[in-house]
């Protein structure tokens, strides 16, 4: 018998995957969203968490962007 789980496949570079894994680890057990870590650049996550992951990545990028002073 096969068990199927609906999810979202994420393909990214290693640092971004580590960011997502650390974000997942900081959540309480009931809110963890990673279903399976496939390898160092591919993750399988719960589909309802897509927007939360996108906004966390956008915030992380904004915090770590350099803008040349005028």
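Going through (1) within 10 Å of the chain's Cα centre (by Cα); (2) more than 20 Å from residue 63 (Cβ to Cβ) one by one, residue 23 falls short only on (2).
Here the condition is being in a helix (DSSP H, G or I), surrounded by 15 or more Cβ atoms within 10 Å (Cβ to Cβ) and out of contact with any helix residue (DSSP H, G or I) (no Cβ under 8 Å at 6 or more places or on another chain); of 16, 49, 23, it holds for 49 alone.
Every number here is computed from the coordinates shown, using simple stated rules; none is lab data. All values reported here derive from a predicted model rather than from experimental measurement. Note that each Cβ is placed from the backbone with ideal geometry, even for glycine, and that neighbours are counted across all protein chains shown.
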